[in-house]
Amino acid sequence: MSLRQYPGEFEQVVLLTVARLKDEAYGMAIRQEIADRTGRDVGIGSVYSALDRMEAKGFVSSTLGDPTPERGGRAKRYYRLERAGVLALHRARQMFTNLWDGLVLEREALP
């Protein structure tokens, strides 16, 4: 299996956020949900870069909404988790589960 089939950590965060937001998954909402749920204040450019990479891989797809006056006549781009993205998340979860299986790390022993 190629590394391309395993999304990186940030890609997993974005994919899971798109799944969580469902029909409301657009750039700023994704960024805010990540901040709210993880405490990570990520740049909007990082979110869009990850979304672009994952759209190229077929993990997500996007559509443009209607332009709104509140956005100066610009439309929001909404993202949807695709089957390939769901499968990639499951593969990544299984990989980490396999790696953690039977492993015990003592927190006190860490620097």
- Message: Restricting to segment 59-78, count the residues that are under 17 Å from E24 (Cβ atoms) and in contact with a Gly (Cβ under 8 Å, 6 or more places away or on another chain).
- Response: 5
- Message: Just checking: which of the helices (runs of 4 or more DSSP H) contained wholly in segment 6-96 hold 3 or more residues that are among the small types (G, A, S)?
- Response: 27-38, 44-57
- Message: If a residue must be touching a strand residue (DSSP E or B) at 6+ places or on another chain (Cβ under 8 Å) and not β-branched (V, I, T), how many such residues does segment 56-96 contain?
- Response: 18
- With (1) in contact with an Asp or Glu (Cβ under 6 Å, 6 or more places away or on another chain); (2) exposed (fewer than 15 other Cβ atoms within 10 Å of the Cβ); (3) within 19 Å of G8 (Cβ to Cβ) as the list, and S61 as the residue in question, which single condition is left unmet? (3)
- Query: Of everything in segment 82-111 that's of a type in the set (K, R) and free of Cβ contacts under 8 Å to residues at least 40 places away in the same chain, which residue is farthest from M54 (Cα to Cα)?
  - Reply: R107
- For residues that are of a type in the set (A, V, I, L, M) and loosely packed, with under 13 Cβ neighbours inside 10 Å, scanning just segment 44-58, find the one that is farthest from R31 (Cα to Cα). A56
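Considering each residue of segment 3-23, count those that are touching a residue at least 12 places away in the same chain (Cβ under 8 Å), exposed (fewer than 12 other Cβ atoms within 10 Å of the Cβ) and within 16 Å of L81 (Cα to Cα), and give that number.
Of the residues in segment 3-23, 1 are touching a residue at least 12 places away in the same chain (Cβ under 8 Å), exposed (fewer than 12 other Cβ atoms within 10 Å of the Cβ) and within 16 Å of L81 (Cα to Cα).
Any read-out appearing in this document is the output of simple, stated calculations on the displayed coordinates, not a laboratory observation. Treat the numbers as computed from the prediction; the structure is a model and nothing was measured. Positions of Cβ are generated from backbone atoms using ideal geometry, with glycine treated the same way; all protein chains shown enter the neighbour counts.
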